[in-house]
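Input: one structure, supplied below.
Derivation of every value follows stated rules applied to the coordinates shown; laboratory data play no part. These figures come from a predicted structure and were not determined experimentally. Neighbour counts run over all protein chains shown; Cβ positions are idealised from the backbone, glycine included.
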Amino acid sequence: MALSAGLVRASVRRRGGPGHQPLPATVHRPGPDADSPHKGKWTVTANRAPFGPPAWQISFDLTTPVELLHDFHTELLDLYLEDRHSDQDWLFTDDTPPQEAYTLLLACGWSHQVKTDGTQFFRDPESLGVVQHRYATHLHPGSPTWSAWGGYPSEPYWRARFSQGTPTTLVAAFTASMVSTEPVTRAAKDIPFHIRRHLYVAATAPVRQTPVSPPAIPPAALAGPSRTR
């Protein structure tokens with residue numbers, strides 16, 4: 001089955017040990033959280049120095065679709081490896097413009113609403129996926145610059161929050177995953193009842209079988225001279 005945009009879209013790879021530099025972005029295992037409506041979340045924190053104050057932080061509800069988490073962590077690892085093998089510092093000095101995180105949403109038909117309080121919203125055609133961007137960060141100190149959620153607005157099934165300073169490249173990877181049309185596999189019991197009517201069954205291409213040629217028949221023996229006694 002495939003789900004509507006924003007609803008279905010974890011592997012976490014940590015590097016360390018001899019010959020490896022520690023990953024500056026620490027991924028915390030899920031645990032209970034009173035602020036999370038689903039009583040648990042993943043947290044990713046980036047520190048310029050070990051045990052120092054976080055440069056940025058991201059949190060995902062435990063109910064965030066695993067495909068979204070996978071694509072996010074893949075991009076996180078790519079940034080880290082690029083920083084490690086070059087003189088760049090994309091994890092802390094990413095200069096990617098904000099529109100990289102929402103241009104694809106607009107191209108996929110999401111609506112755009114700009115408010116005078118320094119925020120803008122992007123909603124999928126069924127309003128089941130939402131991305132919020134606080135572009136006037138000075139009006140919202142301490143609030144996440146980017147937020148995303150899936151499900152009905154009155155009762156989101158999952159939420160993701162990206163603090164100020166989060167590389168736009170990571171946000172763009174997450175939002176691109178939200179509009180992915182690649183089918184995913186879900187059991188009916190794993191899908192909230194109130195959004196099941198938005199499901200559709202993805203058509204699968206029939207498997208083409210290579211025709212098997214019949215075994216070659218050996219040529220008939222030619223008549224030749226015979227010997228008689």
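Estimate the FRET efficiency between residue 136 and residue 189 by the formula 1/(1 + (r/R0)^6), using the beta-carbon distance for r and 35 Å for R0, to the nearest 0.05. Write down the numbers at each step before the final one.
Working: r = 43 Å, r/R0 = 1.22.
It comes out at approximately 0.25.
Given points 7 Å out from each Cα along the Cα-Cβ axis, report the residue 203 to residue 182 separation in nanometres with one decimal.
Spacing of the two 7 Å Cα→Cβ label points: 2.1 nm.
How far, in nm, would the chain grow between residue 49 and residue 87 when pulled straight, counting 0.36 nm per residue and subtracting the alpha carbon separation?
11.9 nm
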